[in-house]
Amino acid sequence: MAAELNTGALAGIPLEMEMLDDSFASAIARYDYPFADGADLEDMGQRAHMIRVRAYFYDNAEKETYDDHLALISLLSDRELVDFEHPKYGLLKGKIEELNVRHDDRQRCAEVDITFVEQMRGTIEPATRPAVLATVEEAYVAGQEEQAAALREDLLEVIPVTDAGAMTQVLDAAATMLSQVQGFSATCRAVVGTVETMLGTAEAAVTAPADSLQSTLTYALTIPGRVVGSLAGALEKTARLCDSLRNAPARFVESLDLAMTDLEDAFGELADALTGSSDAESGEVMKTHLRVACAQRMALEAAQVFEEDQAAFTDPDNAEDYDVLTLPELERVLAIVRLRLERAVEAAREMGSLKTMAKALLEHVNAVRLEREKMQEVSLDNPLPLHLVCLRYGLACTDAERLLKVNRGIRNPNFTSGEVLVYVR
């Protein structure tokens, strides 16, 4: 018989046992009403997992385990959780609920029916999604300082060591950068002149909205501070020029990406036209930092898009004509942003804020994907109002607005037919 038994251990006590049953049950609350047939049912989740096994203890020429069942009985007085090494489930933590013992002291053998209740696995916590916009905004602000420091180091590699003071000199905001570095070497003046010329391609009379993040930032009155601030301001304006597509978030991000690509191409043409060695090096520095600035702005705009999209998804009544992102669109937007961030990280690996942005956006999309993938496609043979479709599949009538956002092919919600995506409850 022993060869047919499973082996395991309970609180360190070796067991030879056979499986009796595993109990999986739901906790169903019943609500009865006077003069009404039946009852309302509420599913309160699963009851505790219960396992019943029969363990055998005996003394023979090979082993002496009879006294182990006495140690097993003493475990009932233990207030702590015990470990159960189950042959199928592995290590479980829980409590012994009941022991039914049948033993014979004369033959030194016993069989014990053990009822083991598994402890709940982990603490149930409300599901929370990281505030993607707040996280990316903090990283954006930190990234502006990091970029200014990185730009200063890059420019110091281009200009002579004796001209290092040009990078920390406090500038007059009303005057050009070139006019304020006349006391430095010709190489330094050439580099600053090239930087200012290329900056003119992106810089414009930018008036940031009073409630925008850009309007709250203050940049150092130095050459790196002015360059980073001017690039950020120009990209802020570029993003606002695409705001007419804000209610179509996927198109908005794609249009902004094209506008940034055009700006990068313009920088590239200017850099390629430079002939001197110092001019060419400073041109490459400006191209690199425009790439970094574009990645930061794109991440910030994508975070805003994700925030607006989630608000429209959860509260469709206030979404008006906002097009909620489908899963393919969500993936496409993330791919655009991540490509820019990866290129920026390659150029400025010391900027930890870029990695923070990428991580926050990826975690948000993963969380949204898990929520929105809980859908199934159903086929409607006859036209039905969308709210009746919701009721048929166990959804609230108010979910009809959400389904209408997801199923863009529905022309008239009062006559829904064909293939429809519905949420799984």
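No value in this document is a laboratory result; all are computed from the given coordinates. Keep in mind the model is a prediction, meaning the values are calculated, not measured. Using ideal geometry, Cβ is built from the backbone for each residue, glycine included, and neighbour counts are taken over all protein chains shown.
For LEU241 and VAL141, FRET efficiency with R0 = 22 Å and r from the beta-carbon atoms, rounded to 0.05? Please list the in-between numbers first.
Values: r = 23 Å, r/R0 = 1.05.
With R0 = 22 Å, the Cβ-Cβ based efficiency is 0.45.
Stick to Cα atoms and the Kirkwood definition of Rh, then tell me Rg/Rh for the chain.
Details: Rg = 34.0 Å, Rh = 27.9 Å.
My calculation puts Rg/Rh at 1.22.
Rank these for me by crowding, ARG240, ARG102, going from fewest to most other beta carbons within 10 Å. Don't skip to the answer; put the middle values down first.
Details: ARG240 16, ARG102 10.
Neighbour counts put them in this order, fewest first: ARG102, ARG240.
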Qualifying aspartates and glutamates (Cα of each under 14 Å from Cα of LYS93; at least 8 residues distant if same chain): ASP78, GLU80, ASP83, GLU85, GLU118
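With contacts defined as alpha carbon pairs under 8 Å and 6 or more residues apart, what's the relative contact order of segment 1-124 in percent? Before the final figure, lay out the partial values.
Details: 229 pairs, mean separation 31.1, N = 124.
This gives 25 percent for segment 1-124.
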- request: With a 10 Å radius around each residue's Cβ, average the other Cβ atoms per peptide and rank 307-313, 22-28, highest first.
  value: 307-313, 22-28
query: Do any GluC sites (Glu not before Pro) in segment 325-425 lie in a loop, going by DSSP, with at most 13 other beta-carbon atoms within 10 Å of their beta carbon, and if so which?
result: GLU350, GLU373
Residues with amide H under 5 Å from that of ALA9, placed H, sequence gap 5 or more: LEU15, GLU85
- request: Please list the non-local residues whose amide H lies under 5 Å from the amide H of THR326, H modeled 1.01 Å from N, same-chain partners needing a gap of 5 or more.
  value: none
- prompt: Of VAL161, VAL53, VAL170, which is the most mobile in a GNM of the chain whose springs link Cα atoms less than 10 angstrom apart?
  reply: VAL53
message: Of the candidates GLN180, GLN296, GLN46, which one comes out as most mobile in a Gaussian network treatment of the chain with C-alpha springs shorter than 10 Å?
response: GLN46
task: Determine, for each peptide in 267-276, 253-262, the mean count of other beta carbons within 10 angstrom over its residues, then list the peptides with the highest first.
output: 253-262, 267-276
- request: Place a +1 charge on the Cβ of each Lys and Arg in segment 132-372 and a -1 charge on the Cβ of each Asp and Glu, then give the dipole magnitude about the Cα centre in debye, rounded to the nearest 20.
  value: 440
statement: Contour minus Cα-Cα span, THR7 to ASN366, at 0.36 nm per residue, comes to 125.1 nm
- line: Ranked on Cβ counts within 10 Å of their own Cβ, fewest leading, ASP67, ASP105 go ASP105, ASP67
query: What is the percent of Cα-Cα separations in segment 15-93 that go past 19 Å?
result: 60
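Of HIS49, HIS289, how do they rank once you tally other Cβ atoms within 10 Å and put the fewest first? Please report the intermediate quantities before stating the final value.
Numbers: HIS49 18, HIS289 25.
Placing the least packed residue first, the sequence is HIS49, HIS289.
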message: Just to be sure I understand: with springs between alpha-carbon atoms less than 10 Å apart, which residue in ALA55, ALA234, ALA150 has the highest mean-square fluctuation in the Gaussian network model of the chain?
response: ALA55
- line: Along the dipole axis of segment 375-423 (charges at Cβ: +1 for Lys and Arg, -1 for Asp and Glu; origin at the Cα centre), the most positive-end residue among PRO413, SER379, CYS390 is PRO413
